[in-house]
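Trainee: The structure is given below, and queries will be raised subsequently.
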Amino acid sequence: MNWRGGAACGVLLLLLGTGRARAQEPGPAPSPAPVPAPSPRSGPSEPLAVRVLSMLRQGVAVIDRGARDAVLPGDAVVLQPRSGAPVPGSVLEVQERTAAVRLDDRRLELPAGTPGTVAVPVARLAERAARATPAQGPAPHAPWVRQDDDWQPGMPLLSAVEIRRPEQRPPSVSGRMYFIGDGISSTLDDRSDVFLRLGTDLHVDNPFGDGGQLHYSGELNHRATDVPPPDERAFGKYRINRLSYSHGGNRFEPERWEFGRFLQHGMPEFGVLDGVEWGRRLHDGSSLGASFGLMPEPDVDMADSDDLQLAGYYRWVSDESERLAVSGGYQKTWHEGESDRDLFVGKLQVLPADGWSLQGTVWIDLYTSDDDAKGSGLELTQAIVRASRRWDGGTGLDLTWSHLRFPELLRGEFQPVTLAELADARNDRLALAGYTPLSEDLLLRAEVGAWDDEDDSGGDAELGFELEDLFVEGGQGRAAVYGVDGRFSEGVGARVGFGRQLGRQHWDVDYEVSEQHEKDFDVGFADVLQHWLRARWGISLEHGWDLSLGAGLRLWDQDERSTHLSVYAQKRF
Amino acid sequence: MRSDPTPAERPEDFPPPGGPRTDGVRARTPAAPGPRRAWRRRLTWLALLALTAACVSQNLGRGPRHGWWEALGPVLPHDDFPADCKLCHLGEDWSSLRADFRFDHAAETGVPLLGAHDEARCLLCHNDRMPARVAQTLGCQGCHEDVHTGQLGTQCDRCHDQQTWEPFRQVQDHDHSRFPLVGIHAATACYRCHPGAEVGEFVPTPVACVNCHAADLAATDNPDHVALGWVDRCDRCHLPLSWNAVELDP
């Protein structure tokens, strides 16, 4: 009999069995032919494990035990669903390998696989064993060759799922396309600035069948600036931020390659590279890597690459959770063939316990006798260290220290500065920011900071709150007062705002007023009163579209004003 | 106290932006691309624009919200999934997720999905790169490239909106610095003071007036500031409303 014939017979038997079960309901009745004569049910019985195969209908289940297991109509059955109390019942109809069980609760439907037991008298089991001949037993199977899975108590009884590797998946595309329009116009000397940007980010997974990724990010920028004295600038520039191909660096391949133009993966602090980067994850989760290539200048078109760099890094992690990670890297650059920068970068991440975190990055430059302003030796060029604590109730605290100096470079990284500024200029800032909910709808925010540079020192403070569901459902009100003592000015101000989330739309209106005093303006009235009114509206549409519009108006003394309009449209795919 | 360098030294220290420097520190000099290079760029741009438009119009990669389809195969290990497969799968077809499948990310993981994260495909975060819980310990940088090269810290949402990534708080945040934006500074495009802002680089930025206003200084002729040695401390006579609105000491 081929498989089709077997299947047809199986279906026929099932139908017959179903018909019998229905015909004999409701009372238990002795089954005809295949069932042996009933044995007495008195005496001890032994529970045989059963499982529900299917439901014939409400209140009648089919179990995987039958006449070959010495089950007879009338035997007591207890089924144990995953949830709920045990379900008693009794055998209604018996086939060779299956039996129909009528549940005491005739409204019940149990899922396939529900376990249980059927009570079979010991005497009947012994009688069946005596009748059985060795020839009727199953043929001994070959020894099992597959080893047990690494199962531990408490783990679900799931077989391992074979994960498809990146190269086995079809190519897929994700990314976004966006447009930014921004215009500022001011009555102060008739200044204006218009900026337009059309940009695209694309990521193509497995484009060539080897599991790699193709990345593209590019922007077309147009800017027209008109400020006095006659300083009209207009440009339209196309810039490629990223055009690279990467491979590996996933759980299947510890080694990662990327080449083209890209922001360095292992140590982003080293910047954008036109070149190649290699990285490898070690068996303990730590990683190391190196990169080589040209560094495009960070200007509007990133077209010039006069700087060559060679860099390497090592990242150590305490364990696979990466709650403690320490990274160190070194970058050597040459500008137009001349030795330029020796940069060391160190990074630390500590998550000592739930709610705590410490993150820090330091940039240290090594200077030699060729560096006129700095002299020889190491100097801490930049540092950002932040310690945070979060509490369950929604309270948080952040302590941040930042340090900044100008590195002495041949490469054009920032506004030109004097040798004196290179040698002495610095800025340190320490800030403490926190927030805590005062009630379910009210959040209090505060921030205090202090700065110190080579000439002066000062600070700032802000106290504000946010109120949810203000006036209407989804409305959010906010207000803050602040004071700042800057290097050139000092002042106080206040902000109030209201916004509302309406489904996929949101809008906000904010107003700010501040009185700023120019500290060194000693020949007249040095206070500047400024008002700022702004509004934003945004909507997230179906199919990944986002749109937001903004407008702002600034008013100063002497009827001077500035207007600002912006539009942002984005399509995610 | 702020130092007062010798005025005679200052003009040489502040050549016009883009001009050559004589003190070993190089200023940026944009190079004009040749015609062939310009055409190559335009063609590259047009090709990539066409590719992007094609992707957008075809809605490539935009699957259902949970973003899995059969051809991807099982991407995630199921070792620590709930034992009840029917929470996600149809009973008779492992390749189809239930139409009403929803995953309350905040309730199940303690991590709410804010802004565009709520509509993102699961695979953008849960993929082969690293376990998502490890990526989470890295903060935004666990999934997003830090185009600011680490120089602005790790609190991206201090400036960026999570729906569109649009920056919106930079001007306000200047009130927490030594350079609050007063007058026209608050209505000036960022790149005028932060030339690297076009590519996400904002620091370091000098704060002395003449660092940005060297051209203004050089253009003065009534009176000639350079000739008079008035090359520093502009804020003693000028308010940040207009260079022309000057108060002179009677």
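Trainee: What accessible surface, in Å², does a 1.4 Å probe find on A:Phe573, ignoring ligands, DNA and RNA and rounding to the nearest 10?
Mentor: Answer for A:Phe573: close to 10 Å² accessible.
Trainee: When the Kirkwood hydrodynamic radius is evaluated over all pairs of different C-alpha atoms of the range A:229-331, what value in angstrom, to one decimal, is obtained?
Mentor: 15.2 Å
Trainee: Follow-up question, since we're still on this one. Can you give the accessible area of A:Ser339 in Å² (nearest 10), computed on protein heavy atoms with a 1.4 Å probe?
Mentor: About 70 Å², ignoring ligands and nucleic acids.
Trainee: Which distance in nm do the two modelled labels at A:Glu109 and A:Arg97 give, with both placed 7 Å along the Cα-to-Cβ direction?
Mentor: My value for the distance between the label points is 2.6 nm.
Trainee: In addition: Considering the zone a paramagnetic label at A:Gln58 would reach in this model (a point 7 Å from Cα along the Cα-to-Cβ line), which residues of the range A:83-108 have amide N under 15 Å from it?
Mentor: Hits in the range A:83-108 for A:Gln58 at 15 Å: A:103-108.
Trainee: Please arrange B:His126, B:His238 by accessible surface area, largest first, computed with a 1.4 Å probe and ligands excluded.
Mentor: Listed by decreasing accessible area, they come as B:His126, B:His238.
Trainee: Find how much the distance from A:Asp469 to A:Leu432 grows on full extension, using 0.36 nm per residue of separation minus their present alpha carbon separation; answer in nm with one decimal.
Mentor: 10.5 nm
Trainee: If you place +1 on the Cβ of every Lys and Arg and -1 on the Cβ of every Asp and Glu, how big does the dipole about the Cα centre of chain A come out, in debye to the nearest 20?
Mentor: So the magnitude is around 5920 debye.
Trainee: Please compute the length gained on full extension between A:Asp372 and A:Arg445, using 0.36 nm multiplied by the number of residues separating them and subtracting their Cα-Cα distance.
Mentor: Result: 21.7 nm gained on full extension.
Trainee: So if we plug the beta-carbon distance of A:Leu310 and B:Arg133 into 1/(1 + (r/R0)^6) with R0 = 35 Å, what FRET efficiency do we get, rounded to 0.05?
Mentor: Result of the calculation: an efficiency of 0.50.
Trainee: Next question, about the same structure. Counting only protein heavy atoms, probe 1.4 Å: which residues of the range A:252-271 lose 40 Å² or more of accessible surface in the full assembly compared with their chain by itself?
Mentor: SASA drop of 40 Å² or more in the range A:252-271: A:Leu263.
Trainee: Take every residue in peptide B:189-201, count the Cβ atoms of other chains within 10 Å of its Cβ, and give the average of those counts.
Mentor: Average per residue, whole number: 6.
Trainee: Counting only the heavy atoms of the protein chains, how much of A:Asp510 is accessible to a 1.4 Å probe, in Å² to the nearest 10?
Mentor: 30 Å²
Trainee: Just to make sure I understand: if all protein chains stay in place, what is the order of B:Thr164, A:Thr395 by accessible area at 1.4 Å, largest first?
Mentor: A:Thr395, B:Thr164
Trainee: In addition: Carbon and sulfur: what percent of the range B:94-250's accessible surface (1.4 Å probe)?
Mentor: Ligands and nucleic acids excluded, carbon and sulfur reach 56 percent.
Trainee: Between A:Tyr511 and A:Asp455, how high is the FRET efficiency from 1/(1 + (r/R0)^6) when r is the Cβ-Cβ distance and R₀ = 45 Å? Nearest 0.05.
Mentor: Once the sixth-power term is evaluated, E becomes 0.85.
Trainee: Quick one: with all protein chains in place, what share of the accessible area of the range A:217-304 is carbon or sulfur, to the nearest percent (1.4 Å probe)?
Mentor: Carbon and sulfur atoms account for 62 percent of the accessible area of the range A:217-304.
Trainee: Across the residues of B:148-161, average count of Cβ atoms on other protein chains within 10 Å?
Mentor: Partner-chain Cβ atoms within 10 Å, mean over residues of B:148-161: 5.
Trainee: Also: Please report the buried accessible area for the interface of A with B, total over both chains, probe 1.4 Å, in Å² to the nearest 100.
Mentor: Interface area, both chains combined: 11000 Å², rounded to the nearest 100.
Trainee: Going by accessible area, probe 1.4 Å, with all protein chains left in place, what is the ranking of B:Cys159, B:Cys143, largest first?
Mentor: In descending accessible area the options line up as B:Cys143, B:Cys159.
Trainee: Here is a further query. Multiply the residue separation of A:Ala224 and A:Arg504 by 0.36 nm, subtract the distance between their alpha-carbon atoms, and state the gained length in nm to one decimal.
Mentor: 97.4 nm
Trainee: Could you work out, residue by residue across A:416-427, how many beta carbons of other chains sit within 10 Å of that residue's beta carbon, and then give the average as an integer?
Mentor: Partner Cβ neighbours, averaged per residue: 6.
Trainee: What whole-number value in Å² describes the accessible area per residue of chain A for a 1.4 Å probe?
Mentor: 50 Å²
Trainee: On to the next question. How high is the relative contact order of the range A:218-355? Use alpha-carbon pairs under 8 Å, at least six apart in sequence, and give a whole percent.
Mentor: 14 percent
The values are calculated or read from the model by the stated rules, or taken from the named source; none is laboratory data. Source: prediction; values computed, not measured. Cβ coordinates were reconstructed from backbone atoms using ideal geometry, including for glycine residues, and neighbour counts include every protein chain displayed. Just the protein is used for accessible areas: all its heavy atoms, side chains included, with ligands, DNA and RNA removed. Shrake-Rupley method; radii C 1.70, N 1.55, O 1.52, S 1.80 Å.
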